[in-house]
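Input: a single structure, listed below in structure tokens.
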Amino acid sequence: KTVIGVLASGRGSNLQAIIDAIEAGRLAVTVGVVISDNPEANVLKRLAGSDIPAVCIDRRQFACRQDFEAAVAEELNVRHVELVVLAGFMRILGRYFIDRFAGKIMNIHPSLLPAFPGENAQLQALQYGVKVSGCTVHFVDEGMDTGPIILQEAVPVMEDDTEETLSERILHAEHILYPRALALYCEGRLCMDGRRVYIKKE
Ligand code: GAR
């Protein structure tokens with residue numbers, strides 16, 4: 001089984017969806033470690049009492065980004081992680097880290113990229129006035145939410161939506177999409193041609 005390492009900064013609902021998919025037999029991966037950059041993160045509390053190793057690597061303890069990323073990379077290597085899964089990880093990774101895990105980092109973003117990259121994607125979508133938004137799973141490159149797109153799911157924007165209601169509808173789609181993308185990767189079904197990712201038939 002592919003060993004994944006999950007990086008998360010907050011609530012951890014996407015991690016939970018991944019764990020649920022593993023337990024339901026829909027996803028054949030092992031979560032080797034969960035790393036949070038934030039000691040207060042709910043994602044760490046979520047793992048209390050589980051057998052998944054949870055580690056906090058606090059960015060504030062490091063003088064610079066590269067030292068922080070070196071510590072994260074070291075932890076991932078010690079746990080024999082083969083695929084890095086960003087799940088609500090609210091930091092941009094630098095060249096040093098991306099090069100070390102080239103083509104082996106995935107992210108989920110709550111918009112239909114390339115629309116609304118960066119923070120508060122759901123609020124950006126509401127303020128822009130789009131009628132459809134959604135979520136995107138993509139490989140990570142050095143840009144902000146610019147890497148090759150693996151899967152996307154569209155979600156309607158309703159006239160009475162608030163940031164909360166739209167975020168919740170998108171999050172529901174995220175919880176289905178991320179385990180599916182991970183399964184495709186682990187089954188060796190993702191092929192790259194430049195920026196384009198093709199899904200091999202079973
Ligand atoms: C998710 O909506 C995810 O798409 C978003 O943060 C949330 C994390 O929720 N990620 C980004 O905005 C990345 N730029 P979770 O901690 O409950 O999985």
Does L76 satisfy being under 22 Å from M144 (Cβ atoms), more than 13 Å from the ligand (Cβ to nearest atom) and in contact (Cβ under 8 Å) with a residue 60 or more places away in the chain?
yes
Item checked: Any chance Y185 is buried (at least 19 other Cβ atoms within 10 Å of the Cβ) and aromatic (F, W, Y) -> yes
Of the residues in the stretch 148-174, those that are aliphatic (A, V, I, L, M) and either in contact with a His (Cβ under 9 Å, 6 or more places away or on another chain) or closer than 14 Å to K131 by Cα (or both) come to I149, I150, L151, A154, V155, V157, M158, L166, I170
Residue pairs within 7 Å by beta carbon, gap of at least six or interchain, first lying in the stretch 111-129 and on the phi > 0 side of the Ramachandran plot, second at pLDDT 95 or above and charged (D, E, K, R), listed first then second, are G118/D145
Of (1) part of a helix (DSSP H, G or I); (2) within 16 Å of the ligand (Cβ to nearest atom), D67 satisfies every one except (2)
Across the stretch 172-193, the tally of residues that are farther than 23 Å from T30 by Cα and in contact (Cβ under 8 Å) with a residue 24 or more places away in the chain stands at 1
Exactly one of I35, I52, I98, I92 is among the β-branched types (V, I, T), surrounded by 13 or more Cβ atoms within 10 Å (Cβ to Cβ) and part of a helix (DSSP H, G or I), and that one is I98
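The values are calculated or read from the model by the stated rules, or taken from the named source; none is laboratory data. Since this is a predicted model, take the numbers as computed values, not measurements. Cβ sites come from the backbone with ideal geometry, for glycine too, and all protein chains shown count toward neighbours.
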